[in-house]
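In what follows, a structure is listed as structure tokens, so that the remarks can point back to it.
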Amino acid sequence: MPVFTPEYLRKVAYHIYVAKGTPEHEAEIVATHQVKANLVGHDSHGVIHIPEYVERINKGHIVPGAPFVVEKEAPCTAVINGNWGFGFVVTERAMNMAIEKAKTHGVAAITIHYQSHIGRLGDYSTMALNQGMIGLITADSGAGPKAVAPFGGRARRLGTNPICIGMPSDMEGPVLLDMATSAVAQGKITLARNRGEDVPPGWIINKEGNPTTDPEEYFGGGAILPVGADQGHKGYGLSFMVEVFSGLLTGLGFGIDPQAKHNDGCFISVFNVEHFRSLAQFKSEVAEFVKFVKTSSPAAGFNEVLYPGEIEHLNEQRRLKEGIYVENETWEQITGLMTELEVEEAVGKP
Ligand code: NAD
């Protein structure tokens, strides 16, 4: 697998999107979010999506430069129509709007509909925690294709329906729970297929409802399981509620429409800590809580207890030094696009 610096991969993504008619500032935002996903170890949400996003631009499912329309607004709330813009661009702007509202009013909640994939949710909650606020975001796929079977079922009825909560703290890395409510994000199954690897047991079932580790069986009509294994009813319940927040509260609806464009409906909520208690004390106490939790002696097979977000922080430190590996299959697709779009010279050598 070839290895690259984050700067190089950002340039690759940026020039490909600009060549596809994306305004420069938007291409910069998309490239930054995608490469950040690779940096923190979520390759499933990184540059692997470049060919897919280009395909969506070709089909009109992503509209670069789409207008950001505020359809409804009150002091603490807003409803945003992204008009099929890049989800990264729309959601970043909506999160900034929520933060501004919460600066004045203490809390803010915003829904977003009609935008494309928003990638790794962690980036948006991190924007809030960097401003001394608690940031919560949920996402679903509206009436778009489904991936996950409900607990007790074998047919797909839910998206991977992620939820992310970020807490301001005095820790060096962000305290950040960022998870799909399914056993795994769909991108990790694509990644396993591109790498020619099996997935771990407990992630997926085949179309007959039997457990399997072959990613091809997922693409052949199988489904991802809700998080929680034999306690999957809890992951399923969480997924159900994420869908209501991101699909129904946004007005996107539910169900399966094979013609539907990929649509990350989003619910964002921001809580300004200063409106509840001193931010400095809260940040210090969250860090003390992290340290307290980490004092638990490791169980068999573990070296240490990690706090939510710690593994991504450690990955980022390592990959900033070692670089980012991109699997051959993904890199071939990306270099094919660079040739087709004649951006090799603009991108330059790795
Ligand atoms: P994951 O299972 O790797 O991690 C989930 C959470 O658990 C993270 O907060 C992580 O810090 C924490 N964690 C991981 N290992 C840990 C350990 N050993 N000890 C303690 N905590 C640990 O993540 P995932 O569910 O596979 O999701 C991956 C990414 O996919 C996320 O960034 C998510 O936002 C993204 N996603 C996006 C969409 C979308 O439509 N945009 C859909 C699904 C998922």
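The values are calculated or read from the model by the stated rules, or taken from the named source; none is laboratory data. Computed from a predicted structure; not experimentally measured. Positions of Cβ are generated from backbone atoms using ideal geometry, with glycine treated the same way; all protein chains shown enter the neighbour counts.
Here Val54 passes the criteria (1) surrounded by fewer than 19 Cβ atoms within 10 Å (Cβ to Cβ); (2) farther than 28 Å from Leu177 by Cα; (3) not assigned by TED's automatic domain parsing to the domain that holds Thr104 except the one numbered (1). With respect to (1) of a type outside the set (A, V, I, L, M); (2) within 16 Å of the ligand (Cβ to nearest atom); (3) in contact with a strand residue (DSSP E or B) (Cβ under 7 Å, 6 or more places away or on another chain), the lone exception for Asn272 is condition (2).
Looking only at region 27-38, how many residues end up being under 16 Å from Gly323 (Cβ atoms) and either within 12 Å of the ligand (Cβ to nearest atom) or at pLDDT below 95 (or both)? First the steps, then the outcome.
Residues of region 27-38 that are under 16 Å from Gly323 (Cβ atoms), as a first pass: 34-38.
Pick out the ones that are also either within 12 Å of the ligand (Cβ to nearest atom) or at pLDDT below 95 (or both) and you get 34, 36-38.
Count: 4.
Scanning region 236-274 for residues that are over 26 Å from Val89 (Cβ atoms) and touching a helix residue (DSSP H, G or I) at 6+ places or on another chain (Cβ under 8 Å) yields one hit, Val273. Residue count for region 172-182, restricted to those that are closer than 17 Å to Pro226 by Cβ, surrounded by fewer than 22 Cβ atoms within 10 Å (Cβ to Cβ) and more than 7 Å from the ligand (Cβ to nearest atom): 0.
For Gly196, are the conditions met, namely being under 21 Å from Val326 (Cβ atoms) and without any contact (Cβ under 8 Å) to a residue 12 or more places away in the chain?
On the way: under 21 Å from Val326 (Cβ atoms): yes; without any contact (Cβ under 8 Å) to a residue 12 or more places away in the chain: yes.
When the stated conditions are applied, Gly196 passes them.
The single condition from (1) touching a residue at least 40 places away in the same chain (Cβ under 8 Å); (2) surrounded by fewer than 23 Cβ atoms within 10 Å (Cβ to Cβ) that Leu248 fails is (1). Among the residues of region 22-29, at least one is touching a Pro at 6+ places or on another chain (Cβ under 6 Å), surrounded by 19 or more Cβ atoms within 10 Å (Cβ to Cβ) and over 19 Å from Arg120 (Cα atoms).
How many residues are within 26 Å of Tyr17 (Cα to Cα) and of a type in the set (Gly, Ala, Ser) when one looks only at region 66-114? Quick ask: steps written out before the conclusion?
Step one: list which residues in region 66-114 are within 26 Å of Tyr17 (Cα to Cα), which gives 66-70, 80-97, 112-114.
Then keep just the ones that are of a type in the set (Gly, Ala, Ser); that gives 66, 82, 85, 87, 94.
Total meeting the criteria: 5.
Taking the listed residues Val242, Val326, Val290, the one that is in the same structural domain as Met167 (by TED's automatic domain parsing) and either surrounded by 13 or more Cβ atoms within 10 Å (Cβ to Cβ) or more than 15 Å from the ligand (Cβ to nearest atom) (or both) is Val242, with no other qualifying.
Looking at region 57-75, which of its residues are closer than 29 Å to Leu177 by Cα and out of contact with any Ser or Thr (no Cβ under 9 Å at 6 or more places or on another chain)? Explain how you work it out, then say what you get.
Start the filter on region 57-75 by keeping residues that are closer than 29 Å to Leu177 by Cα, which leaves 62, 68, 70, 73-75.
Those that are closer than 29 Å to Leu177 by Cα and out of contact with any Ser or Thr (no Cβ under 9 Å at 6 or more places or on another chain): Phe68, Val70, Glu73, Ala74.
Condition first: of a type in the set (Lys, Arg) and within 16 Å of Ala19 (Cβ to Cβ). Now tell me which residues in region 34-64 satisfy that. Once the filter is applied, which keeps residues that are of a type in the set (Lys, Arg) and within 16 Å of Ala19 (Cβ to Cβ), region 34-64 yields only Arg56. Exactly one residue among Ile62, Ile80, Ile16 is hydrophobic (A, V, I, L, M, F, W, C), more than 15 Å from the chain's Cα centre (by Cα), crowded, with 21+ Cβ neighbours inside 10 Å and in a loop (DSSP other than H, G, I, E, B), and that residue is Ile62.
For residues in region 194-211 being of a type in the set (A, V, I, L, M, F, W, C) and outside any loop (DSSP other than H, G, I, E, B), which is surrounded by the fewest Cβ atoms within 10 Å (Cβ to Cβ)? It would help to see each step written out before you state the result.
Residues of region 194-211 of a type in the set (A, V, I, L, M, F, W, C): 199, 203-205.
In the following step, the residues that additionally are outside any loop (DSSP other than H, G, I, E, B) were identified as 204-205.
Details: Ile204: 27, Ile205: 19.
The extreme case among them is Ile205.
Any residue that is within 12 Å of the ligand (Cβ to nearest atom) and either in contact with a helix residue (DSSP H, G or I) (Cβ under 9 Å, 6 or more places away or on another chain) or within 25 Å of Asp198 (Cβ to Cβ) (or both) - is there at least one of those in region 129-138? Working first, answer last.
As a first pass, look at region 129-138 and keep what is within 12 Å of the ligand (Cβ to nearest atom): 137-138.
Those still in the list that are either in contact with a helix residue (DSSP H, G or I) (Cβ under 9 Å, 6 or more places away or on another chain) or within 25 Å of Asp198 (Cβ to Cβ) (or both) too: 137-138.
Yes.
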